[in-house]
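Heads up, the thing below is written out as structure tokens.
The values are calculated or read from the model by the stated rules, or taken from the named source; none is laboratory data. Being a predicted model, the structure only gives us computed values, none of them experimental. Note that each Cβ is placed from the backbone with ideal geometry, even for glycine, and that neighbours are counted across all protein chains shown. Surface areas here come from the heavy atoms of the whole protein model, side chains and all, with no ligands, DNA or RNA. Shrake-Rupley method; radii C 1.70, N 1.55, O 1.52, S 1.80 Å.
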Amino acid sequence: QVQLVESGGGLVQAGGSLRLSCAASGRTFSTYAMGWFRQAPAKEREFVAAINWSGDRRYYADSVEGRFTTSRDNAKNTVYLRMNSLKPEDTAVYYCAAAAAVTSVAQTYDYWGQGTQVTVSS
């Protein structure tokens, strides 16, 4: 069992930056791939980024490639999402999730956090 808690969301102006954190409980965090997803109002949840268990493989959605970076610290049971050059269309609730293997498919993730709101003003 893994419990995930996101933090770091907030209101930021376009062009600004935020860093989201996702703290995990449980001794098996380092064995899980971690993903970031987001959901804007009236839209489906979409893949943002993912990182494998060791942190040496990372994947990004085209819409955030070059602006967002995900990383993890297994000693701290935490995964991060650094978001730069934010745009109004990045506004959404951001979720972290844990899966047995790195993937961009939400249905393959077993554990989810409660989400943190990111709002980008124009």
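Hey, what's the chain come to in accessible area per residue, 1.4 Å probe, Å²?
51 Å²
Whole Å is fine, so just give me how far the alpha carbon centre of region 19-36 lies from that of region 92-121.
11 Å
Counting Lys and Arg as +1 and Asp and Glu as -1, what is the net charge of the other residues whose Cβ lies under 12 Å from the Cβ of Ser63?
-2
Can you pull the one-decimal nm distance between simple spin-label points at Arg67 and Tyr111, each 7 Å off the Cα toward Cβ?
Here the modelled spin labels are 3.0 nm apart.
Report ³J(HN,Hα) in whole Hz for each residue of region 76-85, in order, from the Karplus equation J = 6.51 cos²θ - 1.76 cosθ + 1.60 where θ = phi - 60°; Gly and Pro get x.
Along region 76-85, the couplings run 9, 6, 9, 10, 10, 9, 8, 10, 10, 6 Hz.
Relative to the Cα centre, what is the charge dipole magnitude of the chain, using +1 at the beta carbon of each Lys and Arg, -1 at the beta carbon of each Asp and Glu, and rounding to the nearest 20 debye?
Here the size comes out at about 240 debye.
May I ask you to derive the relative contact order of region 1-85, considering only C-alpha pairs under 8 Å and at least 6 residues apart, and to give it as an integer percent?
Over region 1-85, the number comes to 31 percent.
Can you tell which of Lys76, Lys43, Lys87 shows the greatest fluctuation in a Gaussian network model of the chain with Cα springs below 10 Å?
Lys43
If amide hydrogens are placed 1.01 Å from N in the peptide plane, which non-local residues have theirs closer than 5 Å to the one on Gly115?
Placed amide hydrogens put Glu6, Cys96 under 5 Å from Gly115.
Convert each backbone phi in region 20-37 into a coupling constant with the Karplus relation 6.51 cos²θ - 1.76 cosθ + 1.60 (shift: θ = phi - 60°), then list the ³J(HN,Hα) values in order as whole Hz, x for Gly and Pro.
Calculated HN-Hα couplings, in order: 8, 10, 9, 8, 10, 9, x, 7, 9, 3, 5, 8, 9, 6, 10, x, 10, 10 Hz.
How many nm separate the modelled label positions at Ala100 and Leu11, each set 7 Å beyond the Cα in the direction of the Cβ?
Reported label-point gap for Ala100 and Leu11 is 4.4 nm.
At 7 Å along Cα-to-Cβ for each site, give me the label-to-label distance between Ser85 and Thr28 in nm.
3.9 nm
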